[in-house]
Amino acid sequence: MPGFDGPRPAPAALVGVLSTVAVTALVVPFREDGSNALPALALVIPVVAAALLGGRWPALVTAVAGASAFNLAFIEPFWTFKIDAVEDLLALVVFAAVATSIGTLVGREGDRRKAAEDRARELESLNIELVALQAERERLAEEATRAAVLERVDEQRAALLRSVSHDLRTPLSTIRAVATDLSEADYDLDTRTELLALVASEAERLDRLVANLLDLSRIEAGALRPDRQSVSIEELFEDTVRRLARVLTGRRVHLQLPRDLPDVAADYSQLGQVASNLLENAARHAPEGSAIRVCGRAAAGRVLVWVDDDGPGVALPERSRIFEPFRRGEASTSSGIGLAICKAIVEAHGGTIEAGNAPGGGARFTVSLPLDGGLHPTESEAARV
């Protein structure tokens, strides 16, 4: 029965025997009517109760007790085990058989029900354990992910500190040395002009580094929002080449952009940052006196622009990793964030950027931008808001 942890044969058998005695005492006053049907039915009840409480064996014990009580109290001569009539003997045998059969069937059904309940409880327990294990696994996975993120953040922070300490210290040291020389020595006009030009060049280098760091912080904060306008790629690169004149000294820059190249809907300042980083990267890797080529064309609703140099090119394994923040090539003196910023800005405009090698050797960086900036007019207005 529900509520019992398991069969209890001894208590069940005792309950069955006592119930048999009680039922016999209750029915004995009514035996004078000459029918044994009522006592037989009444004595089956303790057998069923014992089977439900304890299973098969208590039911059999109770059946034996019931048969004995039936013989003693309801078959003449009373209160003896002697049987005078054949009919009474048959009644006793039938009662014993029926009681035993009912007790066995009920006991077996109880055993099966109990086994099913045990299996159900076991399955429930296993399910609870499984849920607990799943929750623990999810917790451990979350902790591992959080630890990996924190480790990645620590690595980037350390890389940023190394980059900033190196990239800021170099131009600052140059500016300080030149300023000291200018204050302590009396140089002629040409020398002073040359030294001041060096200061201006290093100051511009600092400005580009700070701009890259600010862009990186906006990217990581998810605050990079292009303010789109119609941008001429040719004018953009012409302006960028003029601004990077000192950086590009010793390299020939060829702007081979078609006059009919369509404008793109883009943020002029952000796209200018992409152009600056690509040209500065080309100047850093191209040999002195070599050429840097900027080419472009329109195709399938997009504008393709690529920058080629005559440097060592980009090895195949590095072509996807080169856009990771703080990824530096061998013997590189860059901060390692310029190309990562290019990728983030280009993707914010709905475009793509790829690294490869030019047909004649050297590196090629190709930028693909949609003519509409990747937004419909209503979306563009929402982006500006």
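Observations
- Test: residue in segment 70-84 that is among the basic types (Lys, Arg) and buried (at least 16 other Cβ atoms within 10 Å of the Cβ): no
- Odd one out for GLY34, checked against (1) surrounded by 19 or more Cβ atoms within 10 Å (Cβ to Cβ); (2) modelled with pLDDT under 80: (1)
- The residue pairs whose first member lies in segment 302-323 and is under 25 Å from PRO370 (Cβ atoms), whose second member is among the hydroxyl-bearing types (Ser, Thr, Tyr) and at pLDDT 90 or above, and whose beta carbons are closer than 6 Å, counting only pairs six or more residues apart or on different chains, are ARG302/SER368; LEU304/SER368; TRP306/THR366.
- For ASP227, the test of being more than 19 Å from ALA355 (Cα to Cα), within 38 Å of the chain's Cα centre (by Cα) and part of a loop (DSSP other than H, G, I, E, B) is passed.
- Residue match in segment 236-244 (condition: open to solvent by less than 20 Å² (accessible area, probe 1.4 Å), touching a Ser or Thr at 6+ places or on another chain (Cβ under 8 Å) and closer than 23 Å to GLY350 by Cβ): yes
- Within segment 184-233, considering residues that are over 12 Å from GLN270 (Cβ atoms) and in contact with an Asp or Glu (Cβ under 6 Å, 6 or more places away or on another chain), the one modelled with the lowest pLDDT: LEU209
- Of the criteria (1) open to solvent by 10 Å² or more (accessible area, probe 1.4 Å); (2) farther than 16 Å from THR240 by Cα, which one ALA286 fails: (1)
- Matching residues, segment 94-149, being of a type in the set (Lys, Arg) and surrounded by 13 or more Cβ atoms within 10 Å (Cβ to Cβ): ARG108, ARG113, LYS114
- Count of residues meeting criterion [open to solvent by 30 Å² or more (accessible area, probe 1.4 Å) and modelled with pLDDT of 90 or more] in segment 300-334: 4
The values are calculated or read from the model by the stated rules, or taken from the named source; none is laboratory data. In this text, all values refer to a predicted model and were calculated from it rather than measured experimentally. Note that we place each Cβ from the backbone using ideal geometry, even for glycine, and neighbour counts take in every protein chain shown. Only protein heavy atoms, including side chains, enter the accessible area calculation; ligands, DNA and RNA are left aside. Shrake-Rupley method; radii C 1.70, N 1.55, O 1.52, S 1.80 Å.
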